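Trainee: The structure follows.
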Amino acid sequence: MTELLQFTLFGLMLGSVYAIAAMGLVLTYNVTGVFNFAHGAVGMLAAFFYYELRVKHGVPTPVAVLLIVLLGAPLAGVGVERLMRRFQGVDYATSLVVTVALTVGLLGIALRVFDPGQARIVPALLGDHRIVIASVPITFDRIAQIVVAVLVAFGLRALLFGTPLGARMRAVVDDRELALLSGVTSVFVARCSWMIGFALAALGGVLFAGGQNLSAIVLTLLVLNAYGAAMIGRLTSLPMTVVGALALGLIQELSNVSWLAPSGEFFLRFRLAIPGLFLVVAVLLVPSARLSAGRVVGRDEPVVPTLRRSLLYAAGLIIGVAIAVNAVSSETQVYVVTAIVIATVALSLVALTGLSGQVSLTQYLLVGLGAFVMGSVGGGDSIGGMLLGGAAAATLAVLVALPAVRLQGLHLALSTFGIALVGRELVLGDPRVFGLGGLSVGRPTILGMSTGSDAAFAVWCAIVFGVFAVGIGAVRRSGLGRQLTAVRDSELAAATLGLRVRHAKVAIFAVSGFIAGCAGALYGGLAGAVQGSQFEPVNGLVILLFAYVGGITSVAGALVAGILFAGLSYTEATFSQLGGIVFVAVAAGAISLGRQPNGLAGLGLDVIARWRPQLALRGRWRAQPSTDSALVGQST
Amino acid sequence: MTNDQIRVVAISSLSGPVPGLSASAAAATRAYVAFRNATGGVCGRAIVLQEADDGTDNGRYRSLVVSLEPKVFGIAGGFSIGDVGGIDVIKQTKIPIVTAPSASAVSALPTVYDVNPDYANLNAVIGKYRYLYDEGARKVAVVYLAADQSRAEANNQMSLMKAARLEIVQVQELPIATLSYDSAARSVANSGADYLLFIGETNGNASMARSMADTGYKLKFAEYFSFAYGTSFLQNAGTAAEGTSAWLRTLPNEEAATNEEMARFVTWMGRAAPGEAVDPFAADAWIGTKAFFDALEALPGPITRESFVAQLGATKTYDAGGMAGPIRFGAKLSNACVIGMRVESGKWTRMAPAQGFLCA
């Protein structure tokens, strides 16, 4: 029983950490409609600044905490609110990508400003005082954490239900348009929400960091576990969010109780998968928010090229890559390969998100599966291995889609993220999959020609990319493509018109999965050997970010994403002193292009169309009039 | 290679997710080459060292091998996490490599020689665990971070422990994003273990040591994997480091005065890479570079890659001038030679054996 009590205490402490993080997420989402992926990064940066003030400059603890939590963080919140105002009304995927960009940017700043090699132990906020219960020493900091979680829960409830500001916030949550008509200034409400959200993130960061050695990555990733708690509260209910957070903390810690938990190698990894499983279960079992009736339709988007033109573009790309890869030094050729491989991964996202508007965050798991199959079949270097990898990934994508297909928007994204977290621990983390030293993956021989050299492999990758690009064009021109466009514009309207929405969604998951699996096979060939750690779900988020910057709606966008990724890798390798700045540059690019769904590719083609109007007239780029747009409804 | 120059490359993981991961290994290779050039080079030739960064990326390592292979004689020292990506091209080009590879699959390649080779038999009793058993250790808790390398190391160590009749009473994998080690430490205490093996990164080592100290539970041995030594572990763990131990494959820096090579290593690290950590990564890279050029100098005939690899293979035992425990270099097997260090009064002091190394 003592053991049970001990881990219950640990569970409550961990749960209170999750509760503080999750409440900040819920509050911001409720009022602004933005699921702030950057919440953890804000807390992380606050903890680093707190350390600087407290340890480096000797500022007393209460003053340092107040400066960070009540001044610095809210001010940053104001700045972010101004930034996010630009994205009012955009689809959830864009706002999600913008906050992912914010995360990457803040991480870049942290890595740049605070040398990761230097230890930073944050002194306990309330000194080394502690009480001991059941042999568990509980520092006053940990007690404060629990108390703060409870106070924040009650405080936010009092704010929402007992103050004029709270009433305005609830009005905006209930019906933004109606609230506006009633004279509620949504900007003010949103600003307050961001300020409170950031203050909570900072408070969490400072509280969690007390007595710990600061790590930018650990603090940023910690909040990922809190997503499940936020979903238990349906992203709306603060009390249920706290319940979810405590439940998650307790489940995680009670799995350490020797007589409760099974033993064995599988369970070692299963324990690590608990937050991911919790998230999946929370999203799937908790009733989803009401269906979105529609969204802003009629965005500028690329016209689908004819088959002939697609083939010409693909041939041009292959020839271009062949010329480019032979024009650069042998040391640089790997970056050309990287560009095409990442472009192929991004192409799988174009198929899914660009065509159908669905956001799946399992994509990197599928890439990993493709690499695994490629390395395990036919000597590790066969085209058959690549196709089987694609088929395996397509199958897994369908399995992911089947339970998730009834979901949409953020719920779909979060459930697939949970699946990716589970996959990381139970599949990729299994030593039998990639082996303890990594799995060798080769490069195929095609018609007697080896693709062993980077130059030859780049051309092979370009051929694969070209085939998929032509294939995506074909899907776009097909009936399935038109159904997907309808689903993307309004799922409810599409269903009302009698379209088989679920079939279309599952089909595009399969297509996208197949491309991702084949991209994984190419990735394996690029890397030579693969390990589970290369397919972290967070890496998948970064690729999604690049796909958005390049342009998620077009094949050209995928290509730009690949080139950008490889270019930044090259810059980072060549100018190591620019390490953190590269992150910040990507983030800034993503944020500034956030309202431009066609990304850099779209901008480039716009410029060309301006210089050469006849190209636009010939219909290569279609700018639909804004009057086509119709806000039919809004998702919450 | 010309009549007055020999060009080699050291590939390290300097950028990527953990910037500067192998900075000490890169610095040690640079330091060794500086020392060797200052004392006349090798075979009458000056050593030209090219340093390369694999970005902790398998593909980039592979590409570096492809592009640099025609320009250099071989790969010496450094420490790369991405080396598994180069397996096929190393096999193809037969480029000689002497380093501490990140995986057994790399060290198994015919032209790769490993200064930290695999154990000859994972089911045999080795000196370290015999010592710990004799000193009263019976029940072991093994805790490690959920990363490929930690898992591999933990599996090896658990096999060796079992062979020495040590009972593994608890195994824990911790997520990379572990904020507090308190519950992991409590689980160790509850397990009744008298010996803890913790395999984590530098900061994690210190955090776990502090959490263990907080439990008040007394372990006979609290081992933090060798990365604890030579890094900021003592500073970060503070008083919680007291009594903890680490096992090294080389002489400790504190004994530099007792061995010429060790003294040289510490001195030249200070000269060529001031401020860089003199840690186990650096020691391995120094030994790898030294082994490379020692074998080159020992070549009886003309210097070719084939003859050089044959020379490496013919080297039966190697101990880097007594700086490291002897390994079966040509056979690529370890003798499991180690020195146990324990923190006493805030300093690393030799725990076992009284002198020399504990071997299998």
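Trainee: Any idea which of (1) modelled with pLDDT of 80 or more; (2) closer than 30 Å to A:Ile608 by Cβ; (3) open to solvent by less than 40 Å² (accessible area, probe 1.4 Å); (4) among the β-branched types (Val, Ile, Thr) is the one A:Thr306 doesn't satisfy?
Mentor: (3)
Trainee: Any residue at all in segment A:474-487 that is outside any helix (DSSP H, G or I), surrounded by fewer than 20 Cβ atoms within 10 Å (Cβ to Cβ) and without any contact (Cβ under 8 Å) to a residue 60 or more places away in the chain?
Mentor: Yes: segment A:474-487 contains one or more residues that are outside any helix (DSSP H, G or I), surrounded by fewer than 20 Cβ atoms within 10 Å (Cβ to Cβ) and without any contact (Cβ under 8 Å) to a residue 60 or more places away in the chain.
Trainee: Conditions first: (1) among the basic types (Lys, Arg); (2) under 22 Å from the mean Cα position of the chain (by Cα); (3) at pLDDT below 95. B:Arg210 passes all but one, so which condition is the exception?
Mentor: Checking B:Arg210 against (1) among the basic types (Lys, Arg); (2) under 22 Å from the mean Cα position of the chain (by Cα); (3) at pLDDT below 95, the one that fails is (2).
Trainee: Could you list, in sequence order, all residues of segment A:436-446 that are facing chain B (nearest Cβ under 10 Å), touching a strand residue (DSSP E or B) at 6+ places or on another chain (Cβ under 9 Å) and of a type outside the set (Val, Ile, Thr)?
Mentor: Once the filter is applied, which keeps residues that are facing chain B (nearest Cβ under 10 Å), touching a strand residue (DSSP E or B) at 6+ places or on another chain (Cβ under 9 Å) and of a type outside the set (Val, Ile, Thr), segment A:436-446 yields A:Gly437, A:Gly438, A:Leu439, A:Ser440, A:Arg443.
Trainee: Scanning for something open to solvent by 50 Å² or more (accessible area, probe 1.4 Å) and of a type outside the set (S, T, N, Q), does segment A:196-214 turn up at least one residue?
Mentor: There is no residue in segment A:196-214 that is open to solvent by 50 Å² or more (accessible area, probe 1.4 Å) and of a type outside the set (S, T, N, Q).
Trainee: Anything in segment B:319-347 that is open to solvent by 20 Å² or more (accessible area, probe 1.4 Å), of a type outside the set (Gly, Ala, Ser) and over 15 Å from the mean Cα position of the chain (by Cα)? List them, or say none.
Mentor: The answer is B:Arg328, B:Arg342, B:Glu344, B:Lys347.
Trainee: Within segment A:238-259, how many residues are free of Cβ contacts under 8 Å to residues at least 24 places away in the same chain and outside any helix (DSSP H, G or I)?
Mentor: Residues in segment A:238-259 being free of Cβ contacts under 8 Å to residues at least 24 places away in the same chain and outside any helix (DSSP H, G or I): 1 in total.
Trainee: List the pairs whose first member sits in segment A:524-546 and is more than 10 Å from every other protein chain (Cβ to nearest Cβ), whose second member is at pLDDT below 85 and part of a loop (DSSP other than H, G, I, E, B), and whose Cβ atoms are under 7 Å apart, counting only residues at least 6 apart or on separate chains?
Mentor: Pairs that qualify, where the first residue is more than 10 Å from every other protein chain (Cβ to nearest Cβ) and the partner is at pLDDT below 85 and part of a loop (DSSP other than H, G, I, E, B): there are none.
Trainee: Say we look at segment A:310-327 and pick out the residues that are β-branched (Val, Ile, Thr) and touching a helix residue (DSSP H, G or I) at 6+ places or on another chain (Cβ under 7 Å); which of these is surrounded by the fewest Cβ atoms within 10 Å (Cβ to Cβ)?
Mentor: Looking at the filtered set, the residue picked out is A:Ile318.
Trainee: In addition: Among all residue pairs at least 6 apart or on different chains, which show Cβ distances below 6 Å where the first residue, located in segment B:148-163, is more than 9 Å from chain A (Cβ to nearest Cβ) and the second is in a helix (DSSP H, G or I) and modelled with pLDDT of 95 or more?
Mentor: Going by the 6 Å Cβ cut-off, the qualifying pairs are B:Leu160/B:Tyr129; B:Met161/B:Tyr129.
Trainee: With the structure loaded, tell me whether B:Ala241 is touching a residue at least 60 places away in the same chain (Cβ under 8 Å) and in contact with a strand residue (DSSP E or B) (Cβ under 8 Å, 6 or more places away or on another chain) or whether it fails that test.
Mentor: Yes: the conditions hold for B:Ala241.
Trainee: Kindly evaluate A:Ala371 against the criterion of being crowded, with 24+ Cβ neighbours inside 10 Å and either touching a strand residue (DSSP E or B) at 6+ places or on another chain (Cβ under 6 Å) or without any contact (Cβ under 8 Å) to a residue 24 or more places away in the chain (or both).
Mentor: Judged against the criteria, A:Ala371 is a match.
Trainee: Which numbered condition in (1) open to solvent by less than 20 Å² (accessible area, probe 1.4 Å); (2) more than 24 Å from the chain's Cα centre (by Cα); (3) of a type in the set (A, V, I, L, M) is the only one that A:Ala493 fails?
Mentor: (1) is the only condition that A:Ala493 fails.
Trainee: Condition test on B:Arg271, is it under 30 Å from B:Gly238 (Cα atoms) and either modelled with pLDDT under 95 or assigned to a helix (DSSP H, G or I) (or both)?
Mentor: yes
Trainee: Can you tell me which of (1) assigned to a loop (DSSP other than H, G, I, E, B); (2) open to solvent by less than 10 Å² (accessible area, probe 1.4 Å) is the one A:Ser330 doesn't meet?
Mentor: In the conditions (1) assigned to a loop (DSSP other than H, G, I, E, B); (2) open to solvent by less than 10 Å² (accessible area, probe 1.4 Å), A:Ser330 misses (2) alone.
Trainee: Turning to a different aspect of this structure: Does A:Leu107 meet the test of being under 24 Å from B:Ala185 (Cα atoms) and more than 10 Å from chain B (Cβ to nearest Cβ)?
Mentor: Criteria not met by A:Leu107.
Trainee: Look through segment A:1-48, keep the residues that are within 13 Å of chain B (Cβ to nearest Cβ) and β-branched (Val, Ile, Thr), and return whichever of them is most open to solvent (accessible area, probe 1.4 Å).
Mentor: Looking at the filtered set, the residue picked out is A:Thr2.
Trainee: Any residue that is without any contact (Cβ under 8 Å) to a residue 12 or more places away in the chain, within 14 Å of chain B (Cβ to nearest Cβ) and hydrophobic (A, V, I, L, M, F, W, C) - is there at least one of those in segment A:143-161?
Mentor: Within segment A:143-161 (the criterion being without any contact (Cβ under 8 Å) to a residue 12 or more places away in the chain, within 14 Å of chain B (Cβ to nearest Cβ) and hydrophobic (A, V, I, L, M, F, W, C)), the answer is no, since none of the residues qualifies.
Trainee: Next up: Among the residues of segment A:140-156, are any open to solvent by 40 Å² or more (accessible area, probe 1.4 Å) and within 24 Å of the chain's Cα centre (by Cα)?
Mentor: no
Trainee: Before we move on, is A:Phe140 closer than 30 Å to A:Thr220 by Cβ and within 14 Å of another protein chain (Cβ to nearest Cβ)?
Mentor: It is true that A:Phe140 is closer than 30 Å to A:Thr220 by Cβ and within 14 Å of another protein chain (Cβ to nearest Cβ).
Trainee: Could I ask something else about it? Which of the residues that make up segment A:242-266 are of a type in the set (S, T, N, Q), surrounded by fewer than 21 Cβ atoms within 10 Å (Cβ to Cβ) and either at pLDDT 95 or above or more than 29 Å from the chain's Cα centre (by Cα) (or both)?
Mentor: Within segment A:242-266, A:Ser258, A:Ser263 meet the criteria.
Trainee: I would also like to ask the following. Can you give me the ranges of the strands (runs of 3 or more DSSP E) entirely in segment B:26-102 with at least 2 residues that are surrounded by fewer than 21 Cβ atoms within 10 Å (Cβ to Cβ)?
Mentor: The strands (runs of 3 or more DSSP E) meeting that bar are B:46-53.
Trainee: Restricting attention to segment B:237-249, and to residues there that are away from chain A (no Cβ under 14 Å) and open to solvent by 40 Å² or more (accessible area, probe 1.4 Å), which single residue is farthest from B:Ala141 (Cα to Cα)?
Mentor: Ranking the candidates gives B:Arg249 first.
Trainee: Also, I was wondering about something else. Mind telling me which of the residues A:Arg295, A:Arg269, A:Arg299 ends up being open to solvent by 40 Å² or more (accessible area, probe 1.4 Å), at pLDDT below 90 and under 30 Å from A:Met231 (Cα atoms)?
Mentor: A:Arg295
Trainee: Also, quick follow-up: Going through segment A:373-389 one residue at a time, which ones are assigned to a helix (DSSP H, G or I) and at pLDDT 90 or above?
Mentor: A:Val373, A:Met374, A:Gly375, A:Ser376, A:Ile383, A:Gly384, A:Gly385, A:Met386, A:Leu387, A:Leu388, A:Gly389
Trainee: Assigned to a loop (DSSP other than H, G, I, E, B) and either modelled with pLDDT of 90 or more or not polar (S, T, N, Q) (or both), is that true of A:Arg443?
Mentor: yes
Trainee: What are the residues in segment A:52-75 that are surrounded by fewer than 21 Cβ atoms within 10 Å (Cβ to Cβ) and in contact with a Lys or Arg (Cβ under 7 Å, 6 or more places away or on another chain), if any?
Mentor: Answer for segment A:52-75, where residues must be surrounded by fewer than 21 Cβ atoms within 10 Å (Cβ to Cβ) and in contact with a Lys or Arg (Cβ under 7 Å, 6 or more places away or on another chain): just A:Thr61.
Trainee: Kindly indicate whether any position in segment A:81-93 is among the basic types (Lys, Arg), closer than 24 Å to A:Ala171 by Cβ and not in a helix (DSSP H, G or I).
Mentor: yes
The values are calculated or read from the model by the stated rules, or taken from the named source; none is laboratory data. Because the structure is a prediction, the values reported are computed rather than measured. Here Cβ is always computed from backbone atoms with ideal geometry, including for glycine, and neighbour counts include all displayed protein chains. Each accessible area value is taken on the protein alone, full model and side chains, heavy atoms only, with ligands, DNA and RNA left out. Shrake-Rupley method; radii C 1.70, N 1.55, O 1.52, S 1.80 Å.
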